[in-house]
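Participant: Quick one: this structure, given as structure tokens, is what I'll be asking you about.
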Amino acid sequence: MSRAAQLTLDLAGRASFAREDFVVGEANRVALGWIDRWPDWPGGALVLHGPEGSGKSHLGAIWIERSRAVRIVGKAPLPAEPSTSILLEDLASPLPDEAAMLHLYNRLSAAGLSLLMTGRTPPAAWTVALPDLRSRLLSVPAAALALPDDALLRALLRKLFVDRQLAVGDRILEFMLARMERSCANARALVASIDQAALAGRREVTLPLVAAVLAGEVASI
């Protein structure tokens, strides 16, 4: 594994998921509006759906900070008697135990607690055998997220560099936009790797440095 790849893996987990670090654009504005609207959700539930890297996890983290909810990922067991709101993250067809999910939905509703669900596709695309569960899921508001466009990625990259007190010009940002994986998570990891490479080499963030990080050639600088 290249040094750049190692840096990306090591530093990606340090990204902030605070509300103030969420960069808003057309791709995520509606979804963020629904998160900010909590707890005023019809039926106390919401679905966020979109491709990997579109910001679902960041929005989920913002909501958990506000609601003190518990996160349950994938096909992990569901609580029979929930005492707090729940985030069901990365749901996909076929759904886990449908009876347990229906019970959870009903218990949360009865207790006045909330349910946030995330997945790559909307509930209408999920395979659900239980009619009662399917009808409930289809009644839940669903907000779509898309991969960030150039405007959103540019704003995010600029903010990430400013947060690290790095001066980066438009030429470098445009160079990165034309070559990087188009996701918010990768933008954070990439800026972290560039920062680390600049620190290690005791140099400014330049176009050759950025190009080397993107190409996985940091060690050869």
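We did not get these values from a lab; they are worked out from the coordinates using the rules stated. Model, not experiment: these values are computed from the prediction. Please note: Cβ atoms are built from the backbone with ideal geometry, for glycine as well, and neighbour counts cover all protein chains shown.
Participant: For a quick check: with amide H placed at 1.01 Å from N, whose amide H comes under 5 Å from A45's, ignoring anything fewer than 5 positions away on the same chain?
Facilitator: Here L115 satisfy the definition.
Participant: Separate question: Of I86, I172, how do they rank once you tally other Cβ atoms within 10 Å and put the fewest first? Kindly include the intermediate steps, with their values, before the conclusion.
Facilitator: Values: I86 24, I172 20.
So the residues, fewest neighbours to most, are I172, I86.
Participant: While we're on this one: Looking only at Cα atoms, what is the convex hull volume of the range 82-179 per residue, in Å³?
Facilitator: 146 Å³
Participant: Still on this model: Fewest first, what order do D97, D90 take by the number of other Cβ atoms within 10 Å? Mind dumping the intermediate values first?
Facilitator: On the way: D97 12, D90 17.
By the 10 Å Cβ count, ascending: D97, D90.
Participant: Another question, then. Using modelled backbone amide H atoms (1.01 Å from N, in-plane), which distant-in-sequence or interchain residues come within less than 5 Å of V70's amide H?
Facilitator: Sorted by chain and number, the residues that satisfy this are S85, I86, L87.
Participant: Now for a different question. Using the Karplus curve 6.51 cos²θ - 1.76 cosθ + 1.60 with θ = phi - 60°, work out ³J(HN,Hα) for each residue of the range 30-44 in order, rounded to whole Hz, and write x for Gly and Pro.
Facilitator: 5, 4, 4, x, 5, 5, 5, 6, 3, x, 7, 9, x, x, x
Participant: Further question: Computed from these coordinates, which is Rg and Dmax of the Cα atoms in Å: [x] 16.8, 49; [y] 20.0, 62; [z] 16.8, 55?
Facilitator: The value matching this structure is [y].
Participant: On to the next question. Which cross-chain or sequence-distant (5 or more) residues have an amide H under 5 Å from the amide H of L95, H modelled 1.01 Å from N in plane?
Facilitator: Excluding prolines and chain starts, which carry no amide H, the hits are T127.
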